[in-house]
Each structure stands twice: as C-alpha cells, then as structure tokens.
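This report refers to the structure that appears directly beneath it.
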Amino acid sequence: MKKMKNKDYIGHGAALLTILIWGTTFISTKILLVEFKPIEILVFRFVMGFLALWIICPKWLKTAGWKQEVVFAAAGLSGICLYYLLENIALTYTLASNVGVIISVAPFFTAILAHIFIGSEEKFRVNFFAGFIIAMAGTVMISLNGAKLQLNPMGDFLAILAAAVWAIYSILTKKISGFGYPVVLATRRTFFYGILFMIPAAWIFDLRFDVTGFADPKNLLNILYLGLGASALCFVTWNIAVKKLGAVKTSIYIYMTPVITVITSVLILSERITWMSGLGVIFTLLGLIISEMKMNPRKLKTIGIFLVFLIPFLFTGCSGGNHESSNSKSAETKEKEPETKIEEKDWSDDFAGLNGAAVIYEPEENRYQIYNQDLAKTRRSPCSTFKIISSLTALENGVIDPDHSVREWSGEQFWNSGWNQDISFEEAFRVSCVWYFREVIDDIGKERMQKELDKLSYGNCDISDWEGKQNTNNNNRALTGFWIESSLKISPKEQTEVMERIFGDTSSYSKESLSRLKQVMLTSQDKEKDIAIYGKTGMGKDNGITTDAWFTGFADVSGQRKYFCVYLGKTNGADVTSTKAKEIAIQIISDL
C-alpha cells in the first residue's frame with residue numbers, strides 16, 4: 001500500500017510539473033511567432049528535444065518487433081505531429097478562446113477510449129464526469145471571460161479533432177509504458193516518428209531552415225525553453241505520469257492549463273484578472289479535485305445539487321455580454337449578426353519578404369481577411385498608433401481644444417526637426433510629435449486613461465508603466481510612455497476591432513470629436529476609385545533596431561467602411577518602417 005501511494009505521488013508530481021511548464025509555453029510561442037512560422041517552431045523544438053534526450057541517454061532502443069514500432073509511430077503521429085498541427089490550423093479559422101475551451105475536452109475523450117481499449121484498468125467513475133462538467137464550466141469562464149461564444153465550424157471541428165488526437169496519444173502512451181522500456185528511450189522513439197511525420201507538413205507549409213533569428217538571445221532562450229523544457233522534459237514527465245497513474249487520471253491535469261495561463265498572464269505579462277476569470281480558476285481547480293477523489297453516494301448527491309446551480313454560470317460564460325457595454329448592439333441586432341468569417345489571405349507579394357501581418361475587418365459581414373494569422377493575434381506595443389486613442393480621449397474630455405491647441409516647445413533639441421517648435425494638435429498628430437502627446441496623456445491622467453482603455457477593450461489595457469521605464473531604447477521622459485515598447489500591448493486584429501468601436505455605427509463618442517479625429521487621420525483619397533483612407537502610423541525600436549512598425553485605421557471604399565491594420569515586425573536584413581507598413585496597407589485596400 002505504501003509503495004502504491006509513493007507511486008501515485010510520483011505520478012501526480014510529474015503531471016503537475018508538466019502542466020506548470022505547458023501552461024506557460026504560450027509566452028515563448030508568442031515571442032517566437034514574431035519571426036518564425038508555427039511549423040518552424042514545431043520542428044525546431046522537437047528536433048532539439050530529440051537531441052537532448054539522445055545526449056541524456058545515448059543508447060539505441062531495440063524493440064520487440066514491428067508491432068511495437070507501429071505503436072511508437074502512431075504515438076509520434078498523434079501526440080507530436082497531428083495534435084500541434086491541428087491546434088495551430090484551428091487557430092487560423094476560429095478564436096483562441098474557442099480552441100482553449102474545446103481542447104479541454106481531451107480528458108473526456110481519453111476516458112471513453114480508455115474504457116473501450118484498456119477496460120479493467122480505466123473504469124468509468126461518476127465523480128470523473130461531475131468533475132469534468134465543473135472544470136469545463138471553469139474553462140469556459142476563463143477562456144471566454146464573459147464574451148459571446150462565436151461558433152466557427154471548420155476551426156472548432158479541427159480543435160475537437162486535436163482533443164481527440166491527444167486522447168489517442170494518451171492511450172498509446174499507456175500501452176507503450178507496458179512495454180517496459182526506459183521512459184527517456186521510449187519518449188525519444190516517439191519523437192523520432194513525430195519528426196518523421198512532420199516532413200510532409202514542413203513541405204506543405206514552406207518550412208525555412210533559417211536559424212539567423214536565434215542570434216537574438218530572446219529568441220534563443222525561448223526556443224531552448226520550448227525544446228528542452230516543454231518538449232524533452234515535459235513529454236518524459238507526462239509519460240511517467242501516465243505510467244504511474246493511468247491515461248485518464250493524468251489527462252485530468254489538462255484542466256489546469258488555462259489556470260496556469262491566467263496566473264502567468266498576471267505575474268509575467270501584468271494583465272489584469274477579471275472576476276469571471278477568477279471564478280473560472282476556482283471552478284477548474286474544484287473540478288480537478290473532484291475528478292481525482294473517491295466518493296460515497298452522499299458526497300455525489302451533494303455534487304449533483306451543486307451542478308444544478310452551476311448551469312446558469314455555464315450559460316453566462318457562453319453567452320455573456322462583451323466588455324463593450326456602452327457600444328453593445330441591441331438584442332435584435334445580435335440575433336441577426338452573421339457568423340464570424342475568418343478568411344486567410346495571401347498578401348505575401350505586398351510584404352515582399354518582410355515579416356508582418358495584415359487584417360481587414362468588415363463588421364457588416366462579420367468578416368476578417370487576415371494575412372499571417374498567428375502574428376495578427378500576437379500583442380505588441382502600439383507605439384504612435386496610440387495617438388488615435390489619446391487624441392480621442394483628450395478631445396472628449398476637453399484636454400485638447402482644437403481651436404486653441406498649441407503647446408509650447410521646451411527648447412530641447414529632438415531628432416525630428418518638426419518637433420522643435422511650438423506646435424498645434426493637428427501638426428503634432430501629422431508629425432507624430434511624442435513630447436506633445438506625452439503632455440496630453442499626463443493631462444488626461446491615469447484614471448481617465450484606464451477607464452477609456454477598459455471601455456474600448458484595448459489589448460491588455462495595461463498602463464502600469466506610466467512613465468515608460470521599460471523602454472530600453474530611450475530614457476528621455478518626454479519621449480517615453482506606457483504605449484511605447486512598454487506595458488501596453490495590442491494585436492493587429494484587436495487594433496481593427498478598436499477602430500470599429502470608435503468609428504462604427506454603435507460608437508458612443510461625440511460627432512464633433514470623431515469629425516476632428518477623422519480630419520487629422522486622413523491619409524489618402526482617390527476620388528476615381530472612391531477610396532478614402534484614414535489612419536496612423538507607429539514605430540518602436542529595441543536597442544536601435546526597429547521591432548514594431550504599424551499603420552492602422554479605416555477606409556471608406558465605395559460607401560463601405562473597412563477597418564484595417566498592417567503590422568511589420570523585426571526582419572533580418574531588411575529596412576522595417578511605418579512608412580512601408582502604410583504603403584502595404586494602401587496597396588491592399590486599393591486592390592480590394
């Protein structure tokens with residue numbers, strides 16, 4: 001009995017360690033997606049993991065025959081290759097929140113498969129299903145966070161397939177553990193087949209063996225974390241957990257992934273936790289505990305009553321209102337709102353080898369046209385595109401009076417000669433004068449600015465680094481702030497959604513403020529094609545190298561309004577500028 005308990009402790013410890021690391025990998029992946037494709041990250045991390053396991057145990061695994069090799073191959077295909085490919089492809093068709101919820105169904109699929117194929121080892125237990133319902137409710141609360149669940153059939157179906165594939169991998173891992181081979185050798189053999197099956201995918205998704213991006217220590221450290229930690233170490237510890245606890249018990253720890261993600265977002269990314277996310281964390285942990293417990297009928301009856309009261313929370317998480325309370329549409333309009341369409345576009349010719357993303361959002365059709373979807377969902381510093389928000393907030397609160405907007409220059413010589421003068425609001429916006437808007441934002445104040453960002457659901461809404469001390473490129477107080485390579489982050493996709501909240505039909509802002517803002521944002525006008533483009537550029541550097549370049553806004557095209565954002569990230573050997581981002585955006589819009 002004591003030996004059995006010790007075995008369980010080892011299994012639970014291994015599963016917990018695995019999920020603690022897997023729950024934080026999204027940070028490393030987001031950073032790497034700026035310069036690498038998903039297939040490139042996948043191949044690099046598992047090749048690195050394979051080599052690490054070979055160094056740890058440089059012995060050849062001789063199996064009992066081809067039947068065992070088939071099991072290893074199936075495990076590599078499912079858990080190493082297909083799962084990650086399906087998950088990444090699903091994210092290009094549907095929302096990350098949908099994928100987060102659906103992937104958490106994996107323990108349920110594992111229980112079904114275990115009952116069918118393992119039988120006596122993995123029995124159905126009532127508390128498993130009770131815990132599953134509670135944990136799923138928590139996952140819904142965390143992932144959707146009160147927003148509306150938008151179904152996207154293709155993406156959601158692929159996410160379901162990913163969950164089912166992971167369940168298959170878990171069952172195969174349990175079978176492999178019965179072969180009696182050392183875990184490191186067995187895991188390495190699984191990696192081998194996984195990498196082998198990636199070769200066709202690498203060809204389809206145009207894999208580049210360009211490792212120059214790893215010259216950046218930030219990229220190198222993150223790929224090492226994914227390769228050595230999340231791959232080599234975690235797959236070994238996960239396989240140990242499956243061997244000790246069984247496939248079903250181990251899979252239950254998947255419920256903790258969104259919990260770890262929330263905690264990491266708060267501690268590392270300084271994101272704020274909402275009451276819905278907090279409640280979701282509690283429900284998810286409660287579901288995990290109940291799934292693992294052995295219970296008598298009285299306890300199960302109590303849980304049944306709790307589940308009845310839980311149902312309203314589940315529906316609230318799925319259909320609750322968005323953050324945009326002041327901009328929300330009527331119930332009748334929402335019922336008629338078309339299904340979200342996400343179309344993947346190939347605008348690579350416009351980008352001409354530059355690392356970047358583009359989003360065109362048409363709210364009337366609820367349609368997104370996106371180039372480089374992973375990067376389009378990655379949050380970066382908004383830089384001077386934030387002048388749209390600071391201008392609007394200042395106009396609405398009387399901080400800027402357009403007719404008396406000149407601010408006095410301090411006499412300090414700046415690198416941009418256009419800033420070295422007394423300057424008006426219109427001119428400051430045109431030349432993107434940082435010191436002018438630094439003063440404007442200080443006059444707005446933290447409280448009003450935070451309220452405005454919350455209202456707009458502007459990225460991570462994080463203005464904690466008000467002074468901009470995180471900016472490594474500049475220490476001049478007049479030229480730094482939370483919006484310039486600092487705490488505030490937003491994705492290109494979110495940029496288009498914010499533009500719609502400001503300039504869309506349901507905007508809560510005054511016509512006078514919007515009219516003034518449109519005047520300064522007008523960038524180009526083609527009367528023959530009936531196109532008017534309004535936007536703002538932005539650019540940020542890290543140690544003198546451009547890492548973020550933007551152009552975002554909206555375009556009126558033949559009477560239809562389209563919201564857009566073009567983002568360029570660091571590209572080795574190329575000149576990345578906000579002017580180039582603007583040129584790309586104008587070209588894409590003109591070709592629509």
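For the pair A64 and I199, label points projected 7 Å from Cα toward Cβ lie 2.9 nm apart.
Using a ≥ b ≥ c from the Cα gyration tensor of region 360-403 (square roots of the eigenvalues), is it rounded, prolate or oblate, where a/c under 1.5 gives rounded and otherwise the larger of a/b and b/c decides, a/b for prolate? Display every interim value, and only then the final one.
Values: a/c = 4.36, a/b = 1.92, b/c = 2.28.
Oblate.
Starting with the highest mean, order 74-82, 343-351, 410-418 by the number of other Cβ atoms within 10 Å, averaged over the residues of each peptide.
Numbers: 74-82: 23.3, 343-351: 14.1, 410-418: 10.3.
Highest-to-lowest ranking by the protection proxy: 74-82, 343-351, 410-418.
Summing Lys and Arg as +1 and Asp and Glu as -1 over all other residues whose Cβ lies under 11 Å from the Cβ of K536 gives a net charge of +3.
I need the shape label for region 377-449. Rule: rounded when a/c is under 1.5, else prolate if a/b > b/c, else oblate, with a, b, c from the alpha carbon gyration tensor. Oblate shape, in that a/c is at least 1.5 and b/c is the bigger or equal ratio.
Computed in the context of the full set of protein chains, the accessible area of region 400-543 at 1.4 Å probe radius has 43% of its extent on carbon or sulfur. Among the listed pairs K62/K243; K455/K580; K37/K580; K345/K493; K529/K570, a Cα-Cα separation exceeding 25 Å is found for K455/K580; K529/K570.
Label region 365-505 by shape, choosing from rounded, prolate and oblate, from the square roots a ≥ b ≥ c of the eigenvalues of the Cα gyration tensor; if a/c is under 1.5 it is rounded, and otherwise prolate applies when a/b is larger than b/c, oblate when it is not.
Numbers: a/c = 1.79, a/b = 1.46, b/c = 1.23.
In terms of gyration-tensor shape, prolate.
The values are calculated or read from the model by the stated rules, or taken from the named source; none is laboratory data. Source: prediction; values computed, not measured. Glycine also receives a Cβ, built like all others from the backbone with ideal geometry; neighbour counts cover every protein chain displayed. Just so you know, the surface numbers come from the protein's heavy atoms only, side chains and all, with ligands and any DNA or RNA stripped out. Shrake-Rupley method; radii C 1.70, N 1.55, O 1.52, S 1.80 Å.
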